Structure formats: structure tokens, C-alpha cells
1. Every residue in segment B:185-206 that is at pLDDT below 95, among the acidic types (Asp, Glu) and either crowded, with 24+ Cβ neighbours inside 10 Å or not in a loop (DSSP other than H, G, I, E, B) (or both), please.
2. Please go through segment A:592-623 and give me each residue that is over 32 Å from the mean Cα position of the chain (by Cα) and buried (at least 21 other Cβ atoms within 10 Å of the Cβ), ordered by number.
3. Determine which member of the set A:Glu585, A:Glu575 is modelled with pLDDT of 95 or more, of a type in the set (D, E, K, R) and either within 22 Å of A:Leu450 (Cβ to Cβ) or assigned to a loop (DSSP other than H, G, I, E, B) (or both).
4. Taking the stated definitions as given, is A:Asn669 among the polar types (S, T, N, Q) and more than 9 Å from chain B (Cβ to nearest Cβ)?
5. Residue check: is B:Glu50 closer than 27 Å to B:Val242 by Cα, without any contact (Cβ under 8 Å) to a residue 60 or more places away in the chain and not small (Gly, Ala, Ser)?
6. Here is a list of conditions, (1) within 32 Å of the chain's Cα centre (by Cα); (2) of a type outside the set (D, E, K, R); (3) farther than 16 Å from A:His432 by Cα; (4) modelled with pLDDT of 95 or more, and A:Trp566 meets all of them except one; can you say which number that is?
7. Out of segment A:86-110, which residues are touching a residue at least 12 places away in the same chain (Cβ under 8 Å) and not in a helix (DSSP H, G or I)?
Amino acid sequence: MKGKAHQARTLAAALLAALAGASLARAATAEECQSLRKHGHRDQANACFQSLTQAREPAIRAEGFWGLEMYQDANNEFRTAVAQSAASANYRIRWGRLLHERFNNKDAADLFQEAIQRDPKNAQAYLGLAQVSADGFDNKAVEEAKKAIELDPKLVEAHELMANLALEDSDTKVAAAEAEEALKISSDALDAMAIHAAIEVLADRSPDAWLAKVRQVNPSYGEAYALVAHHLFLNRRYDDAVAYYRKAVEADPKLWSARSELGINLMRLGQTEEPLQQLEMCYDNGYRDAATVNSLRLLDSYKNFLTFRDDRSIIRLHKKEAELLLPYVQTEVDRSIATYEKKYKMKLPDRVQVELYPDHEDFAVRTLGMPGLGGILGVTFGEVLAMDSPSGRPPGTYQWGSTLWHEMSHVFILTATNHRVPRWFTEGLSVHEETQVSPEWGDRVTPEILVAIRDKKLLPVAELERGFVRPEYPTQVIVSYFQAGRLLDYIKDRWGDDKILDMVHSFAQLKTTPETIQQNLGMSPEEFDKQFLEWLYKDLGKTAASFDEWRNHLKELAELAKEKNWDEVLKKGDEVLQMYPDYVEGANPYEFLAEAHIAKGEKKAAAQVLTQYEKIGGRSTEALKELASLEQEAEDPKGAAATLERINYIYPMDEDLHRKLCDLWFDQNNPAADVRECNAVLAMHPLDQASAQFDVARAYFAAGEPDQARNHLLASLEAAPGYRPAQKLLLQLEDSQKGK
Amino acid sequence: MAPAPEVGARVRARWLVGLGLLCIFLSGISARAATYYITIAGLGGEPDYEQRFQGLAGDLDKLLKDSGGDLHVYTVSGKDVTRTRVNDIFATVAREARSDDDLVVILIGHGSFDGAQYKFNLPGPDISGNELASLCERIAAKRQLIVNTTSASGGSVAALKKSGRAIITATKSGTEKNATVFARYWIEAMRDPAADVDKNEAITALEAFQYAERKTADFYESQKRLATEHPQFEDTGKSDPVRAPSTESNEGLLLSTFTLVRIGQAQRAAADPTKRDLLAKKEALEQKIDKLKYEKAAMREDEYKNQLTAALVELARVQQELDK
């Protein structure tokens, strides 16, 4: 409220006058020093904090050191204060706030909990917990912030935090209301003003009025710009985020958190030099949070990567696998660009940068600056996309080709909408596109998705965004991806691809999800939800309803397979398979049935069931290799080659796979594929250089490239001069040259 | 057969060029000697391991017996594995084997190491590294190879090593105690032509080690698991185990001459007196190629390539004649 802000400014002015007069009739308080800083009087605030360090009470000295950025001293003083006053909740809260600011969320949360034990109605303790939870996008943040407000409705920071959380969830209405509430309580609530500014920026309106108000209170309050930048980042507007982070550090060059984010976001845009400068500056000035340190390490590791450029793409691969992966990655990059250009009727203005990380933690750091990220496989930052390399995950758990096409769709849609597209739509379209490349690609319906369908946990389309940003249950992100994908499948089935493009254009014009649905599909979001769910339940309702029964049957089947009771496996397996045909994860009926058929010598039947597994999207490289062997035995080399080629999109780091393909393509007189696969063997630096080099030579010879063939033959015979097949080909080459 | 000192001199020269080339010449020596294989699959403890160990021993037994040549194969696994049975097998081999024969002992299963002593787990009393060494001592074969693929097998090296005996272990020390996968790939090496890197149609112990070591590392890498076994060998009888051959320390020399199985008809021509001249020419060409490779660094690229091509073409034509 105006009164309170006026009081604060008056107090700051009085304090300033006192400090200017060199002596104080009384000692300053921490709140007074903080108020000076909040209002941009940095030097005076420092003098004020300096005075606090001389106080008799350790808690006050702690506040002084904290204000002077002498964090270790502050930490020590708080420790002393807490030891001296075991019952004090407030000391713990302030200490917790210090630790939260200095990147130690775990100990901070413990201190807030200890404070709650001592004072269960302490709003500040709940606010502290909410801030820690908010850092990790934990859904608990909202509940904790609400609790803080419930305990102290006048707690400005709690309203500001609620506003921020709501805006992260794209709930502009609540965000604006909470910011307004904060401003009613305190008219110089700077973060509330910044939230309003962010709302304006996100809506492509001018934030100038709000930012002017911020500057009126504190011209060097960089945090306001950083807050706007944070929301731009969350909305995938990376260029705009960078621009606001620049404004933040311009307003306050020592705002290291914003400078670090500036560096990290520049990395997201594919830059390396400026990020290094910015992040090193943070590090050298003591700002060493995990994201800064990890990002610096990642930048350092780029010396281990190779970059390949052409007119349309920049591909960055780790040295140890670049030679192997480049042909496959380049082919899919080119193919996806050509496909999407035609489909989305547009061209990308610049080259796409594609990065593959063999270490998932490096990918995670590339994405968020932090390790972790669990199931996330790829991420797109405008025209830069980063993803796990196939070597980054165990064989059979990841289809990198599918992920590449998924991310590439984002590149186009983000460009087409100038990054103004809700997450649910662009993710849904990307998931949809995976299966358009091949029905075998994309994720299958997993048990957690079936359970969500059975328990009716799918979100209304107008609220689907929060299923991605702030999940309410652990698997909600996966369920939301699935739902979004199926929404797009449904739109395509019913209205066609053109309608999807129309929706893209609506989002580009800043229409909301309800507006876009109404405008393009001619119905309300509620009606759309109803019709979509009818369509979905027709397909999966029965499977979802019998999920528990299926699970019990599968357990029995697994037991029978373990006991090698193959007759019973064959008797019951097909029924279990039909109940939930999409289940291709570990211990699936397809592999049990195939094993049973093989044990009984029924190879043809085993091949049939494994073919079903392959067609429905099974990814176990072992099962697919088994199928290829059966196909070869059944004199179906074409089928065997096609089966093995699928593994190239799953786990190509397999020498044996490429050797087999190299032979199969040679036998089928497919020189282009033969050259690629034989070279893949060589790229894996096999111990058996002689045969690997010979195979490449043979492939080039068949492809009509005798010079290449000769070079590889020499390499083969250099390794093993007596290698008969290479000797024969050498003589053949010699004779054919003489014949010329 | 050439007198031993001459062969040794050639070995030395070739050693400088590459270990893999050695067996072409030394295989002539061992061809007439017999190889005694003793494979022991120890106690599994759990049905899965029991099955796995017996399966590996069975595979190896079949592979060796099918490979032809003068091989004497003794395999024991499952319920048959007792100290008495093990002692009996070693006693039989001690009676039969001559000094110019080769001995290969393969241990599959679990091992343990208490900081001082390695033990191979058997039903009933285990067998220690020292006891195993003592059993091998009684066998006259001068060239011996012990492939210990068990957990903690690195702890057995000190007890087993001696001059003329090569030791391969699945783990780098006695403290790597998890079950191992090395045995699987060791056996695979003996049936995969890709293990025969010099294409002389024989798999040496060094080739098999390098193949299995690579496959073991790939296994842990692909499964995204921390590697809990690091295969190593020691074949000089006087050094610490290593993971790669070295021309300086001679580690790998014995292994490179230890032929495990033959996978082709490489020796057929050697027995034909009408082809002696061609064989001599072939050997001369092989030496010329070795020399060229040795001098590669000091030559111009095109000069090296031309000379190498000429020699290889000539060698291929000689081989063509030999194969007629």
C-alpha cells in the first residue's frame, strides 16, 4: 500500500541523512540497510551493513556480513546465533534464506523445516520452503506459498512468488492478480512490477510503464529485467531472454545470477565465446552455483567435439563417435529439413545447429545448466537443438532418429510462430511427426499412460500446459506428451494437415489455446475435449480398463517363461499380447513367445512374432538382431537387412551390426548402403583392421571407385599381408587396370 | 623345422614390427606339439550363475573338440566339480603331457581374495592360487597359459606367475569382486574370425585377449554401467600385469605365440615338398613387407605406397600359386 511504501522511503531518507552526518543516534537495523539497498542507495547500504558487523548480537553481525557479500562470515555468525538461541525460528529462517541465496537448497530447506517445528505458524518459514521448491519447479511451491499467505496475508514476497509461479504456469490472470495484491500491500513491490512487465512482454505489449516504475524506486534493480528474461526463456523466446538479461546486467553489472543466465542462454543460442567470458566473470567474482560451474566445464569439453558445416546445418559430434555417426545424422538432418519445408510450407532463415552428447549429463547441463533431467532426450533452442547421442543410453531404450525428427519439428514451429506457441501444441505436433516418419517410431502407450487414461487424469486442452511445466504427479509430463501427441493425431485425422498449419498461424498471431480451437476447429475447447476423449477411448479405453488384469496375466506369463514351460507360454502368450499390443518394454509377450517358438524349433513362427514386435515399434536390439538372423536363415536377406537398418536409428554403436549389414548389402548389390555400412565398421576402430579395410575396399570396388578400393586394400594387406580375400581382390584390381 | 635359435632371431626382428606377425612363424613349432586344455567351471551359488558357468564350459568344450588338431580337452563343471576330480584331471595331464606340449587352464566362476590369498570357489573346499600353481608345476609342458576369468581373479597373479607361464585375469586386482563377463568373450574370440587380426587362420592367446578385453569394455560402455572388471595379463613371469603388449618389456610375447585354435588350412602347404621354393619366396616377401612397414616413417608416402603395392601384389601371386 501507498502508506507503507511512503513510510519505507521516509525511513530510508532519514537513514541516509543520518549516515551522511557520520553518526547515528542509534544503531541501524538490518531492515533499514536492506531498504537502502532496495531503493538503489548501494554505497549507503554498504555503510549501513558495515555498521551491523560491529553489533554485539551474532544474528545482526550475520546480516551485516551478508549485506556486504561476505557470505562465509555471515554463515559463521548465523551458526553462532542459532547455537546460542536454540528455540529461535527467525534465526533459522534468515540463515536458510542466506543458504538458499548461496545455492545450498538442501540445508536451507532443513533450516526452514526446523523453524516450522519451533514455530508452526511462521509464514516466513513457509515462504522459504516455497522459494526452494520453486527453484526445482516442484509443485509443492504453490501449496507452500499459499500456506505462507494464509498465515500472513500481508506477506508481500509470498504474493510476488505466487504471481511468479502462476506466470510460469502461463496463468496470466492469477499472476496479474497476485502481483496486484502485492502492490496493494506495498506500492514499491519491485518483483510485482516486474511480473506485470513480464506479462506485457509475453503478450507482445510494451512493458515500459512498469519498468519505469521499477526504475523510479531503484534505477539499478536488474532483477526486474532478469525476471522478465526468465519468463521469456520459459516461453522459448531465447533471443528475447538474452536481450533482457543484457538489460539486467546493464542496470546492475554485479548481478551475477543474471550474468550467469546471460551466458547460459547465449550457449543455448549456439554461441561459445561470449558465454565463456560471461561465465568466467561470474566464477571469478565468487558466483559459483552449479549451473555456472557445470556450463564452464561443458564449454571446456567442447574441445572434444568436432563440428561439421554445410549450407543448411552445423552438426557437432563428440570426437570418439563423429566418424561413425556423421553419415546417419547428416542424412536425417537433410531429410527432415526437406520434409518439413514442404509440409510446413516455409524455409528456415539460418542453418540449424544439431548437437549430440554421448554423456547424458553433458546434455542435461547443455539444457538447464544442471545434471539430471532423467527422461528428457532432446531439447530445441530456436535453431539450435541438442540431444542425447545414441551412445548416451543403453541399447534399446532410445530411438535417436525419432528424437531428431521431433526436435527438428520444434525448430520449424518455433520459427513459424516466432516462438509464440504453447508448449502442448509444439510438443504434440513433434510427437505426432515422429510417427509420420515411420509408424514404428515414437513412444508407445506405456503403462503409466494407460493408468492415467483409466483414472481419467488427462487434462483439459486449455490446461494442458501445466502438465508440462508443473506436474502434479510423477509421470504427468510423460502423460502430457502422449496426450498432446494424440490431440494432434486427432486433429490431423479429422481435419487434416492444413488445419494444423492454420492453428500454427493462429498461435503466431498470439491467439490463446481456447481461441485457436474455437477459430480453427469451430467448437469450444470443452466440446473439443469431449470429442477427443470419445475418439481416444474408442482406441484405448478397453486396454486401459483391463490394465490390472493384463498385468496379472503378464506376470504369470513371465513366470512360465522363467520355468521354460514353453507349451503354456505359447498357449497363453497371444491372449496377453492382444490385451495390450503396444507393450514392447522389458518382459513383453512378443519376446516370450519368440523364445518359446525357438525352443520348440519353430523358427518361422518365432520370426512372425518378432516381425509383429518390430512393426509395432519394439526396440530391443537383441530381439531385432534375433529376427534378422531368422530372416537370414529363411533366405530373406532383404528382410534381414531392413531389420538391421532399424537398429541404426536405435543403437548404431555396434560393430557386429555394421559387419552384418556390410555383408548383406554387398550380397544384395547395393553399393551405396554397402559403402556406408562397411565404413561404419571402420569408424568403430575394430581390432580386425584387415577384414574391415577389405570390406570397404570391396564395397568401393563394387561401387566403381577403384582408387578408393585400392587405398583400403593396401591398408588391409598392410595389417595382414597374407589375407587371402584381400590378395585376390588386389590381383583383380591389378588385372582390371592392365586390361584398360 | 628350422633350428630354434634361428627362429628366435626372426622372432626378435618381427617383434619390433608387430606382435601379431609372430605367430605366422612360430605356429610351425607348436604345430607338432599337443595342447592340453583343462576347463573348470566352479561353484555358481545361484541357479542363474550355475547355468551360466556350465553353459560357458560346455560351449568351450564343444568348440575345442570340434576344432581338430592335436588337442586334449578336459572339462569339468556342475556337480562333477570337486577337488578330487580336479586333482585327478591334473594328474592325468601330468602323466601325458611332454615338455614341448602346451597347457591351457581356464577357470570360469566365482573367485575370492582376502587380501593375501586368492581362492577359486568349488563345491566343498575351494582351491587356492598356490594350490593351483602347485598342480600346474607337476605338468611338464614348458609353455603354460592360465586364463582366470573369475571375480577377484587379479588376486591370483602373484601365486601363479612364473617364467614360461602366461596368466590372464578378468580383473585387475583381487578387489574387483563382482561377477565377470570376460569368459563369454574369451570363448567368443575363439569362434569369431574377426579375432584373427593377422588373418593367419589361427587365434593366438594375445588375439583372444585383445578381442575379449575390447568386448568386455564395450559391454560396460553400452550398458552404461561402471566397469567392474579390467582384464590384464602377465607373461614374462617377472613383472606386474599389464593391459597391453609392450615391445620394451616383452609383455605379450609369449601370448602372441600361444596358438589357441586354428580356423583354416594354413599349415597344409608347409607339408608339400613341391612348394618349398614358393614358400621360401613367400617368406622373403613377407620379410620385405615387414621391413617396409618398419621403415614407413622414414619414407615418402608415395614411395612407400608404390613399394608396398608391388610387394603385396607379388606376394598375392605367390600365394595364388601356393593355393593351386
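1. B:Asp196, B:Asp198
2. A:Phe592, A:Leu593, A:Ala594, A:Ala596, A:His597, A:Ala606, A:Ala607, A:Val609, A:Leu610
3. On the way: A:Glu585 fails: modelled with pLDDT of 95 or more.
Unique residue meeting the criteria: A:Glu575.
4. Numbers: among the polar types (S, T, N, Q): yes; more than 9 Å from chain B (Cβ to nearest Cβ): yes.
So A:Asn669 passes the test.
5. Values: closer than 27 Å to B:Val242 by Cα: no; without any contact (Cβ under 8 Å) to a residue 60 or more places away in the chain: yes; not small (Gly, Ala, Ser): yes.
Taking the combined requirement at face value, the residue does not satisfy it.
6. Against the list (1) within 32 Å of the chain's Cα centre (by Cα); (2) of a type outside the set (D, E, K, R); (3) farther than 16 Å from A:His432 by Cα; (4) modelled with pLDDT of 95 or more, A:Trp566 comes up short only on (1).
7. A:Ala87, A:Ser88, A:Arg102, A:Phe103
Here is a yes/no grid of residues against (1) more than 14 Å from every other protein chain (Cβ to nearest Cβ); (2) under 15 Å from A:Glu677 (Cα atoms):
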{"site": "A:Glu622", "(1), (2)": "no, no"}
{"site": "A:Leu630", "(1), (2)": "yes, no"}
{"site": "A:Glu633", "(1), (2)": "yes, no"}
{"site": "A:Asp636", "(1), (2)": "yes, no"}
{"site": "A:Gly639", "(1), (2)": "yes, no"}
{"site": "A:Arg659", "(1), (2)": "no, yes"}
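The values are calculated or read from the model by the stated rules, or taken from the named source; none is laboratory data. Just so you know, these numbers come straight off a predicted model, no measurement behind them. FYI the Cβ positions are ideal-geometry reconstructions off the backbone, even for glycines, and counts take in every protein chain you see.
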